[in-house]
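I have placed the structure first, in the form of structure tokens, so that the comments after it can refer back to it.
The values are calculated or read from the model by the stated rules, or taken from the named source; none is laboratory data. The structure presented is a predicted model; accordingly, all values stated were derived computationally and were not measured. Ideal geometry is used to build each Cβ from the backbone, glycine not excepted, and the neighbour counts take in all protein chains shown. Just so you know, the surface numbers come from the protein's heavy atoms only, side chains and all, with ligands and any DNA or RNA stripped out. Shrake-Rupley method; radii C 1.70, N 1.55, O 1.52, S 1.80 Å.
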Amino acid sequence: MMAYLAMMASRLVELHRVLKETGSLYLHCDPTASHFLKLMLDGIFGPLSFKNEIIWKRTTAHSNVYSNYGDVTDSIFFYAKSDAYTWNQLYRKVDDIEAAFPNIDADGRRWRKENMRNTGVRTNLHYQ
């Protein structure tokens with residue numbers, strides 16, 4: 001782990017150096033090093049340059065977890081070099097959102113049924 005962090009430190013310092021004032025950095029990492037990398041990025045960019053942490057669910061839950069929580073997410077840290085960073089708003093077609101979230105609750109929010117645990121088809125493991 002220490003060799004990896006030393007290698008990443010020099011790369012992140014150089015990325016910060018060459019990044020334009022309007023630039024931003026997205027760093028994708030898994031849970032084994034994310035806490036170390038977050039501290040490193042705070043030291044290089046400054047804690048106020050941290051904009052967000054995006055949690056990416058890269059797989060569904062596994063049924064073979066017996067003594068620990070399943071490792072199904074990665075982190076993406078979003079840092080900007082300055083407050084003048086460029087932001088390009090992303091939009092999705094309404095058709096895509098309606099297809100992905102076909103149900104509507106009483107407050108008008110969209111949602112979908114999701115398998116909470118097992119990738120196999122078992123009716124007792126599906127919840128609304």
Probe 1.4 Å, all protein chains in place: accessible area of residue 30 in Å², nearest 10?
-> 70 Å²
All aspartates and glutamates inside 18 Å of residue 57 as judged from Cα atoms, apart from same-chain residues fewer than 8 positions distant | 30, 71, 74, 114
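Below 13 angstrom from the Cβ of residue 85, what's the summed charge of the other residues (Lys, Arg +1; Asp, Glu -1)?
Details: positive: 20, 51, 81; negative: 21, 83.
Cβ neighbours under 13 Å give a net charge of +1.
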